[in-house]
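Notes follow once the structure below has been shown.
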Amino acid sequence: MKKLLIAVLCLSLFGCSKELDLYPRTGLAPEEIKPSDLPALERGMYNNVQNDPKRESWIIFDIVGGNVQGSTTTSKDVINNTLNPLNGLIVNSWKGYYSALYQVNNVLEITQSLPIDANVSRVQGTAHYFRAYIFYSLVTRWGDVPVMTKNSMEKPGRTPQVQVWEQIESDLDSAISLLGNAKNYYYVSKDAALALKARVMLSQNKMDQAAEIAEGLITSGKYALDGFEKIFRKQSNTEVIFAFENLSSESSNTISTLFYNYGHPNKGSYVYAPSKEILSLITEQDKRRDISFINVGGQDCINKYPSGQTGTDPVIISRIAEMYLISAEASPLNVGVKRLNELRAKRGLDPVQPSSKAQMLEMVLLERRKELMAEGFAYYDYVRTQTAQENLNLLDYQHLFPIPGGELQLNENLTPNPGY
(Lines give C-alpha, C1' and ligand atoms only; values in the text may rest on other atoms or scores of the structure.)
Protein backbone atom coordinates (compact mmCIF):
# COMPACT_ATOMS: atom_id res chain seq x y z
CA MET A 1 0.00 0.00 0.00
CA LYS A 2 1.30 3.45 -0.84
CA LYS A 3 1.84 5.45 2.30
CA LEU A 4 0.75 9.06 2.25
CA LEU A 5 2.71 11.21 4.65
CA ILE A 6 0.39 13.64 6.39
CA ALA A 7 1.57 16.59 8.39
CA VAL A 8 4.28 15.93 10.95
CA LEU A 9 4.97 12.35 11.98
CA CYS A 10 6.53 12.33 15.43
CA LEU A 11 8.08 8.92 16.07
CA SER A 12 7.66 9.15 19.82
CA LEU A 13 4.46 10.32 21.44
CA PHE A 14 6.19 12.16 24.22
CA GLY A 15 9.27 13.74 22.73
CA CYS A 16 10.48 15.04 19.37
CA SER A 17 13.55 17.00 18.45
CA LYS A 18 12.92 20.32 16.70
CA GLU A 19 14.66 18.92 13.63
CA LEU A 20 11.68 16.61 13.13
CA ASP A 21 9.14 19.44 13.44
CA LEU A 22 8.90 19.86 9.68
CA TYR A 23 6.44 18.99 6.94
CA PRO A 24 7.98 16.26 4.75
CA ARG A 25 8.64 17.45 1.22
CA THR A 26 6.63 14.57 -0.21
CA GLY A 27 3.74 15.10 2.17
CA LEU A 28 0.64 17.22 2.28
CA ALA A 29 -0.50 19.55 5.02
CA PRO A 30 -4.03 18.79 6.31
CA GLU A 31 -5.52 21.91 4.76
CA GLU A 32 -4.20 20.83 1.33
CA ILE A 33 -6.07 17.50 1.29
CA LYS A 34 -8.77 17.16 -1.37
CA PRO A 35 -11.42 14.43 -1.79
CA SER A 36 -9.28 12.92 -4.56
CA ASP A 37 -6.55 12.28 -1.97
CA LEU A 38 -8.84 10.02 0.11
CA PRO A 39 -7.66 6.67 -1.35
CA ALA A 40 -4.02 7.38 -0.52
CA LEU A 41 -5.03 8.74 2.88
CA GLU A 42 -6.98 5.55 3.59
CA ARG A 43 -4.18 3.25 2.39
CA GLY A 44 -1.67 5.09 4.53
CA MET A 45 -3.85 4.59 7.61
CA TYR A 46 -4.13 0.85 6.98
CA ASN A 47 -0.37 0.75 6.52
CA ASN A 48 0.38 2.50 9.81
CA VAL A 49 -2.00 0.42 11.91
CA GLN A 50 -0.73 -2.78 10.31
CA ASN A 51 2.99 -2.06 10.60
CA ASP A 52 3.84 0.48 13.29
CA PRO A 53 3.38 -1.77 16.37
CA LYS A 54 5.73 -4.39 14.78
CA ARG A 55 5.14 -8.09 14.19
CA GLU A 56 5.40 -9.36 17.77
CA SER A 57 2.55 -7.09 18.86
CA TRP A 58 0.10 -9.39 17.05
CA ILE A 59 1.17 -12.43 19.09
CA ILE A 60 2.40 -10.88 22.33
CA PHE A 61 -0.51 -12.31 24.34
CA ASP A 62 0.70 -15.74 23.22
CA ILE A 63 4.29 -14.87 24.12
CA VAL A 64 3.28 -13.93 27.68
CA GLY A 65 0.28 -16.28 27.76
CA GLY A 66 2.01 -19.63 28.12
CA ASN A 67 1.62 -20.72 24.50
CA VAL A 68 5.29 -20.49 23.54
CA GLN A 69 8.71 -21.20 24.96
CA GLY A 70 12.21 -20.48 23.74
CA SER A 71 14.49 -23.10 22.23
CA THR A 72 16.30 -23.36 25.58
CA THR A 73 13.84 -21.65 27.95
CA THR A 74 10.45 -22.43 29.47
CA SER A 75 7.24 -20.50 28.87
CA LYS A 76 7.62 -18.91 32.31
CA ASP A 77 11.14 -17.73 31.40
CA VAL A 78 9.72 -16.11 28.27
CA ILE A 79 7.01 -14.35 30.30
CA ASN A 80 9.50 -13.00 32.85
CA ASN A 81 11.97 -11.88 30.20
CA THR A 82 9.30 -10.10 28.17
CA LEU A 83 7.56 -8.27 31.02
CA ASN A 84 10.43 -5.84 31.50
CA PRO A 85 10.29 -2.05 31.05
CA LEU A 86 13.32 -2.20 28.75
CA ASN A 87 12.24 -5.17 26.65
CA GLY A 88 12.13 -4.26 22.97
CA LEU A 89 8.74 -5.91 22.39
CA ILE A 90 7.18 -3.76 25.12
CA VAL A 91 8.87 -0.58 23.88
CA ASN A 92 8.05 -1.16 20.20
CA SER A 93 4.41 -1.98 20.87
CA TRP A 94 3.82 1.15 22.95
CA LYS A 95 5.54 3.44 20.45
CA GLY A 96 3.94 1.70 17.50
CA TYR A 97 0.38 2.00 18.76
CA TYR A 98 0.80 5.71 19.46
CA SER A 99 2.50 6.27 16.11
CA ALA A 100 -0.48 4.64 14.39
CA LEU A 101 -2.86 6.67 16.57
CA TYR A 102 -1.17 9.86 15.37
CA GLN A 103 -2.02 9.00 11.76
CA VAL A 104 -5.57 7.87 12.59
CA ASN A 105 -6.24 11.14 14.40
CA ASN A 106 -4.86 12.99 11.38
CA VAL A 107 -7.32 11.21 9.12
CA LEU A 108 -10.27 12.03 11.36
CA GLU A 109 -9.27 15.68 11.55
CA ILE A 110 -8.81 15.96 7.80
CA THR A 111 -12.06 14.24 6.83
CA GLN A 112 -14.07 16.50 9.12
CA SER A 113 -13.32 19.35 6.72
CA LEU A 114 -14.36 17.44 3.59
CA PRO A 115 -17.87 17.34 2.11
CA ILE A 116 -19.64 14.24 3.40
CA ASP A 117 -20.26 11.47 0.87
CA ALA A 118 -20.04 7.68 0.90
CA ASN A 119 -16.25 7.66 0.54
CA VAL A 120 -15.67 10.17 3.33
CA SER A 121 -18.05 8.26 5.61
CA ARG A 122 -16.22 5.00 4.92
CA VAL A 123 -12.82 6.52 5.68
CA GLN A 124 -14.14 8.17 8.86
CA GLY A 125 -15.73 4.90 9.97
CA THR A 126 -12.51 3.02 9.30
CA ALA A 127 -10.55 5.59 11.32
CA HIS A 128 -12.93 5.27 14.27
CA TYR A 129 -12.59 1.48 14.09
CA PHE A 130 -8.80 1.69 14.05
CA ARG A 131 -8.75 4.15 16.93
CA ALA A 132 -10.95 1.81 18.97
CA TYR A 133 -8.65 -1.10 18.13
CA ILE A 134 -5.56 0.87 19.12
CA PHE A 135 -7.03 1.93 22.47
CA TYR A 136 -8.23 -1.64 23.06
CA SER A 137 -4.69 -2.88 22.42
CA LEU A 138 -3.29 -0.28 24.82
CA VAL A 139 -5.74 -0.69 27.70
CA THR A 140 -5.56 -4.49 27.68
CA ARG A 141 -1.78 -4.31 27.97
CA TRP A 142 -1.09 -1.33 30.20
CA GLY A 143 -4.36 -0.47 31.97
CA ASP A 144 -4.56 3.31 32.43
CA VAL A 145 -3.11 4.86 29.26
CA PRO A 146 -3.10 8.33 27.71
CA VAL A 147 -6.21 8.88 25.59
CA MET A 148 -5.56 11.33 22.78
CA THR A 149 -8.37 12.03 20.33
CA LYS A 150 -6.49 15.01 18.88
CA ASN A 151 -2.79 15.19 18.18
CA SER A 152 -0.81 17.42 20.50
CA MET A 153 2.79 18.07 21.52
CA GLU A 154 1.74 18.19 25.16
CA LYS A 155 2.85 15.41 27.51
CA PRO A 156 -0.32 13.64 28.62
CA GLY A 157 -0.86 11.70 31.80
CA ARG A 158 -2.59 8.34 32.10
CA THR A 159 -6.36 8.18 31.62
CA PRO A 160 -8.28 5.85 33.99
CA GLN A 161 -9.25 2.56 32.38
CA VAL A 162 -12.99 3.20 32.69
CA GLN A 163 -12.62 6.30 30.51
CA VAL A 164 -10.47 4.43 28.00
CA TRP A 165 -13.20 1.82 27.63
CA GLU A 166 -15.79 4.59 27.20
CA GLN A 167 -13.72 6.05 24.36
CA ILE A 168 -13.41 2.64 22.72
CA GLU A 169 -17.18 2.13 22.82
CA SER A 170 -17.78 5.64 21.48
CA ASP A 171 -15.43 5.07 18.54
CA LEU A 172 -16.99 1.71 17.75
CA ASP A 173 -20.48 3.18 17.82
CA SER A 174 -19.32 5.84 15.37
CA ALA A 175 -17.74 3.18 13.16
CA ILE A 176 -20.91 1.08 13.18
CA SER A 177 -23.02 4.08 12.16
CA LEU A 178 -20.68 5.07 9.32
CA LEU A 179 -19.66 1.73 7.83
CA GLY A 180 -21.47 -0.78 5.64
CA ASN A 181 -20.32 -3.92 3.88
CA ALA A 182 -16.77 -4.12 2.56
CA LYS A 183 -15.72 -5.54 -0.81
CA ASN A 184 -13.83 -8.31 1.02
CA TYR A 185 -12.64 -9.12 4.53
CA TYR A 186 -9.33 -7.30 4.06
CA TYR A 187 -11.24 -4.04 4.50
CA VAL A 188 -12.92 -2.72 7.63
CA SER A 189 -16.69 -3.15 7.62
CA LYS A 190 -19.65 -2.62 9.92
CA ASP A 191 -19.41 -6.30 10.87
CA ALA A 192 -15.74 -5.85 11.79
CA ALA A 193 -16.74 -3.05 14.16
CA LEU A 194 -19.52 -5.20 15.62
CA ALA A 195 -17.13 -8.11 16.16
CA LEU A 196 -14.65 -5.87 17.95
CA LYS A 197 -17.47 -4.41 20.05
CA ALA A 198 -18.51 -7.92 21.12
CA ARG A 199 -14.92 -8.47 22.31
CA VAL A 200 -14.88 -5.12 24.08
CA MET A 201 -18.13 -5.87 25.91
CA LEU A 202 -16.84 -9.28 26.99
CA SER A 203 -13.65 -7.64 28.27
CA GLN A 204 -15.75 -5.35 30.49
CA ASN A 205 -17.95 -8.21 31.71
CA LYS A 206 -20.97 -6.70 29.91
CA MET A 207 -22.21 -10.15 29.10
CA ASP A 208 -25.70 -9.40 27.78
CA GLN A 209 -24.38 -6.92 25.22
CA ALA A 210 -21.49 -9.20 24.23
CA ALA A 211 -23.81 -12.16 23.68
CA GLU A 212 -26.34 -10.11 21.70
CA ILE A 213 -23.72 -8.79 19.28
CA ALA A 214 -22.01 -12.15 18.87
CA GLU A 215 -25.33 -13.91 18.24
CA GLY A 216 -26.26 -11.27 15.70
CA LEU A 217 -23.17 -12.05 13.66
CA ILE A 218 -23.55 -15.83 14.06
CA THR A 219 -27.15 -15.79 12.84
CA SER A 220 -26.66 -13.16 10.12
CA GLY A 221 -26.14 -15.81 7.44
CA LYS A 222 -22.93 -14.12 6.26
CA TYR A 223 -20.47 -16.32 8.14
CA ALA A 224 -19.99 -19.97 9.07
CA LEU A 225 -17.35 -22.01 10.84
CA ASP A 226 -14.81 -23.25 8.32
CA GLY A 227 -11.73 -25.48 8.14
CA PHE A 228 -8.37 -24.34 9.47
CA GLU A 229 -6.76 -25.32 6.17
CA LYS A 230 -8.84 -22.58 4.50
CA ILE A 231 -8.58 -19.94 7.22
CA PHE A 232 -4.80 -20.08 7.59
CA ARG A 233 -3.80 -20.92 4.03
CA LYS A 234 -5.37 -17.86 2.45
CA GLN A 235 -8.15 -19.79 0.76
CA SER A 236 -11.69 -18.57 0.22
CA ASN A 237 -13.56 -19.15 3.48
CA THR A 238 -16.70 -18.25 5.39
CA GLU A 239 -14.95 -17.65 8.71
CA VAL A 240 -12.95 -14.41 8.57
CA ILE A 241 -14.69 -11.12 9.37
CA PHE A 242 -11.65 -8.83 9.14
CA ALA A 243 -7.96 -9.40 8.56
CA PHE A 244 -4.94 -7.43 7.41
CA GLU A 245 -3.79 -8.93 4.13
CA ASN A 246 -0.22 -8.08 5.17
CA LEU A 247 1.29 -8.34 1.69
CA SER A 248 5.06 -8.63 1.43
CA SER A 249 5.14 -5.50 -0.73
CA GLU A 250 3.69 -3.43 2.10
CA SER A 251 4.76 -5.15 5.30
CA SER A 252 7.67 -6.65 7.22
CA ASN A 253 5.35 -8.50 9.63
CA THR A 254 7.03 -11.85 9.06
CA ILE A 255 5.37 -13.60 11.99
CA SER A 256 6.04 -17.05 10.55
CA THR A 257 9.81 -16.75 10.70
CA LEU A 258 9.51 -16.47 14.50
CA PHE A 259 7.92 -19.95 14.60
CA TYR A 260 9.56 -22.14 11.91
CA ASN A 261 13.03 -23.59 12.31
CA TYR A 262 15.65 -23.45 9.57
CA GLY A 263 14.93 -27.02 8.57
CA HIS A 264 11.43 -26.09 7.36
CA PRO A 265 11.23 -25.67 3.57
CA ASN A 266 10.35 -21.99 4.04
CA LYS A 267 12.89 -21.62 6.85
CA GLY A 268 12.66 -19.54 9.99
CA SER A 269 14.62 -18.34 12.99
CA TYR A 270 12.70 -20.47 15.56
CA VAL A 271 12.57 -17.76 18.19
CA TYR A 272 9.47 -19.35 19.74
CA ALA A 273 8.51 -23.01 19.96
CA PRO A 274 5.05 -24.14 21.05
CA SER A 275 4.99 -24.77 24.79
CA LYS A 276 4.64 -28.33 26.01
CA GLU A 277 1.27 -27.42 27.51
CA ILE A 278 -0.31 -26.14 24.31
CA LEU A 279 1.07 -29.13 22.39
CA SER A 280 -0.68 -31.46 24.83
CA LEU A 281 -3.97 -29.53 24.71
CA ILE A 282 -4.51 -29.78 20.93
CA THR A 283 -4.74 -33.55 20.50
CA GLU A 284 -4.46 -35.77 17.42
CA GLN A 285 -8.25 -36.07 17.33
CA ASP A 286 -8.55 -32.31 16.95
CA LYS A 287 -8.88 -31.19 13.31
CA ARG A 288 -6.92 -28.04 14.22
CA ARG A 289 -3.79 -30.03 15.05
CA ASP A 290 -2.06 -30.20 11.64
CA ILE A 291 -2.50 -26.52 10.85
CA SER A 292 -1.59 -25.53 14.41
CA PHE A 293 1.67 -27.51 14.61
CA ILE A 294 4.26 -29.20 12.42
CA ASN A 295 7.29 -31.22 13.43
CA VAL A 296 10.45 -30.46 11.45
CA GLY A 297 13.59 -32.44 12.18
CA GLY A 298 12.31 -33.44 15.58
CA GLN A 299 11.35 -29.90 16.57
CA ASP A 300 7.72 -28.84 16.98
CA CYS A 301 6.80 -25.57 15.26
CA ILE A 302 3.66 -23.41 15.20
CA ASN A 303 2.17 -23.81 11.74
CA LYS A 304 -0.62 -21.19 11.45
CA TYR A 305 1.57 -18.76 9.49
CA PRO A 306 3.10 -20.77 6.60
CA SER A 307 5.40 -18.35 4.77
CA GLY A 308 8.53 -18.53 6.94
CA GLN A 309 11.25 -16.36 5.44
CA THR A 310 9.62 -16.45 2.00
CA GLY A 311 7.00 -13.77 2.67
CA THR A 312 4.20 -12.63 4.93
CA ASP A 313 0.82 -14.04 5.96
CA PRO A 314 -2.54 -12.40 6.72
CA VAL A 315 -3.09 -11.25 10.29
CA ILE A 316 -6.62 -12.19 11.32
CA ILE A 317 -8.32 -9.70 13.62
CA SER A 318 -11.84 -11.15 13.89
CA ARG A 319 -13.44 -14.41 12.76
CA ILE A 320 -16.72 -16.10 13.48
CA ALA A 321 -15.21 -18.77 15.76
CA GLU A 322 -14.43 -16.02 18.27
CA MET A 323 -18.09 -14.99 18.18
CA TYR A 324 -19.11 -18.58 18.99
CA LEU A 325 -16.75 -18.51 21.97
CA ILE A 326 -17.99 -15.09 23.11
CA SER A 327 -21.57 -16.33 22.94
CA ALA A 328 -20.58 -19.51 24.80
CA GLU A 329 -19.09 -17.46 27.63
CA ALA A 330 -21.61 -14.63 27.78
CA SER A 331 -24.97 -16.33 27.06
CA PRO A 332 -27.17 -18.26 29.47
CA LEU A 333 -25.79 -21.73 30.08
CA ASN A 334 -28.10 -23.60 27.67
CA VAL A 335 -27.28 -21.29 24.76
CA GLY A 336 -23.60 -21.20 25.65
CA VAL A 337 -23.28 -24.99 25.72
CA LYS A 338 -24.94 -25.20 22.31
CA ARG A 339 -22.48 -22.71 20.77
CA LEU A 340 -19.46 -24.33 22.41
CA ASN A 341 -20.43 -27.78 21.19
CA GLU A 342 -21.13 -26.51 17.67
CA LEU A 343 -17.57 -25.24 17.53
CA ARG A 344 -16.15 -28.42 19.05
CA ALA A 345 -18.07 -30.58 16.57
CA LYS A 346 -16.61 -28.58 13.67
CA ARG A 347 -13.14 -29.24 15.09
CA GLY A 348 -13.77 -32.99 15.45
CA LEU A 349 -14.29 -33.07 19.21
CA ASP A 350 -16.97 -34.71 21.35
CA PRO A 351 -19.62 -32.56 23.07
CA VAL A 352 -19.25 -31.41 26.66
CA GLN A 353 -21.94 -30.79 29.25
CA PRO A 354 -20.86 -28.33 31.97
CA SER A 355 -23.14 -28.24 34.99
CA SER A 356 -22.46 -24.66 36.09
CA LYS A 357 -21.34 -21.30 34.75
CA ALA A 358 -18.02 -21.70 36.58
CA GLN A 359 -17.37 -25.02 34.85
CA MET A 360 -18.51 -23.49 31.58
CA LEU A 361 -15.99 -20.65 31.89
CA GLU A 362 -13.21 -23.15 32.49
CA MET A 363 -14.19 -25.07 29.35
CA VAL A 364 -14.56 -21.92 27.24
CA LEU A 365 -11.13 -20.62 28.27
CA LEU A 366 -9.60 -23.97 27.34
CA GLU A 367 -11.35 -23.93 23.97
CA ARG A 368 -10.30 -20.31 23.34
CA ARG A 369 -6.69 -21.25 24.03
CA LYS A 370 -6.82 -24.06 21.47
CA GLU A 371 -8.87 -22.28 18.83
CA LEU A 372 -7.11 -18.90 18.99
CA MET A 373 -3.55 -20.04 19.67
CA ALA A 374 -0.98 -17.72 18.00
CA GLU A 375 -3.68 -15.12 17.28
CA GLY A 376 -3.07 -12.96 20.35
CA PHE A 377 -5.60 -13.84 23.07
CA ALA A 378 -4.27 -16.16 25.80
CA TYR A 379 -2.69 -13.77 28.33
CA TYR A 380 -5.54 -11.29 28.43
CA ASP A 381 -8.16 -14.05 28.52
CA TYR A 382 -6.68 -15.15 31.83
CA VAL A 383 -6.17 -11.61 33.13
CA ARG A 384 -9.73 -10.47 32.37
CA THR A 385 -11.22 -13.59 34.01
CA GLN A 386 -8.91 -13.30 37.04
CA THR A 387 -7.45 -16.75 36.40
CA ALA A 388 -3.94 -15.69 35.37
CA GLN A 389 -2.46 -16.66 38.73
CA GLU A 390 -3.60 -20.26 38.49
CA ASN A 391 -3.04 -20.69 34.76
CA LEU A 392 0.17 -18.72 34.21
CA ASN A 393 1.57 -18.40 37.74
CA LEU A 394 1.84 -14.63 37.26
CA LEU A 395 2.99 -12.38 40.04
CA ASP A 396 0.41 -9.76 41.05
CA TYR A 397 2.11 -6.91 39.20
CA GLN A 398 2.46 -8.98 36.00
CA HIS A 399 -1.26 -8.64 35.30
CA LEU A 400 -0.31 -5.41 33.50
CA PHE A 401 2.59 -4.68 31.16
CA PRO A 402 5.35 -2.33 32.32
CA ILE A 403 5.33 1.23 30.97
CA PRO A 404 8.49 1.48 28.81
CA GLY A 405 11.35 3.01 30.76
CA GLY A 406 12.24 5.47 28.02
CA GLU A 407 8.69 6.87 27.97
CA LEU A 408 8.81 7.46 31.72
CA GLN A 409 12.00 9.47 31.24
CA LEU A 410 10.56 11.52 28.38
CA ASN A 411 7.26 12.29 30.06
CA GLU A 412 7.18 13.19 33.75
CA ASN A 413 3.37 13.01 33.67
CA LEU A 414 3.48 9.25 33.17
CA THR A 415 3.69 6.95 36.19
CA PRO A 416 4.97 3.36 36.16
CA ASN A 417 2.75 0.37 36.75
CA PRO A 418 3.32 -0.85 40.33
CA GLY A 419 5.90 -3.59 40.78
CA TYR A 420 8.13 -2.72 37.82
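Data for the structure
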| quantity | calculated |
| --- | --- |
| Surface per residue (accessible, 1.4 Å probe) for region 135-240, Å² | 43 Å² |
| Stretch gain in nm, segment Ser280-Asp77, where the contour uses 0.36 nm per residue and the Cα spacing is subtracted | 71.2 nm |
| Tilt relative to the chain, helix 88-111 - C-alpha long axis, 0 to 90 degrees, to 10 | 50 degrees |
| Nearest 10 degrees, 0 to 90: helix 357-371 Cα axis against the chain principal axis | 70 degrees |
| Mean projection area, nm², convex hull over Cα of the chain | 19.8 nm² |
| Highest-MSF residue in the chain out of Ala374, Ala193, Ala182 [GNM, Cα springs under 10 Å] | Ala182 |
| Charge dipole magnitude, Cβ of K and R +1, D and E -1 - the chain, Cα centre, debye nearest 20 | 680 debye |
| Full-extension gain in nm, Asp37 to Ala224, via 0.36 nm per residue minus C-alpha separation | 63.7 nm |
| Helix 320-330 axis, angle to the chain major axis (alpha carbon atoms, nearest 10°) | 70 degrees |
| Most mobile of Ala195, Ala224, Ala210 in a GNM of the chain (Cα contacts under 10 Å) | Ala224 |
| Fully extended contour minus Cα-Cα distance, from Tyr420 to Ser113, at 0.36 nm per residue | 106.1 nm |
| Pair Gln386, Arg233: separation of 7 Å Cα→Cβ label points (nm) | 4.4 nm |
| For region 265-382: span of alpha carbons on each principal axis (Å, largest first) | 46, 27, 24 |
| Radius of gyration and Dmax over the Cα atoms of region 336-377, both given in Å | 10.3, 30 |
| Fraction of the pair-distance distribution of region 196-308 above 22 Å, Cα-Cα pairs, percent | 50 percent |
| Nearest-0.05 FRET efficiency for Asp208 and Tyr186, computed from C-beta distance (R0 30 Å) | 0.40 |
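The values are calculated or read from the model by the stated rules, or taken from the named source; none is laboratory data. These numbers come from a predicted model, not from an experiment. No Cβ is skipped: glycine too gets one built from the backbone with ideal geometry, and neighbour counts run over all protein chains shown. Just the protein is used for accessible areas: all its heavy atoms, side chains included, with ligands, DNA and RNA removed. Shrake-Rupley method; radii C 1.70, N 1.55, O 1.52, S 1.80 Å.
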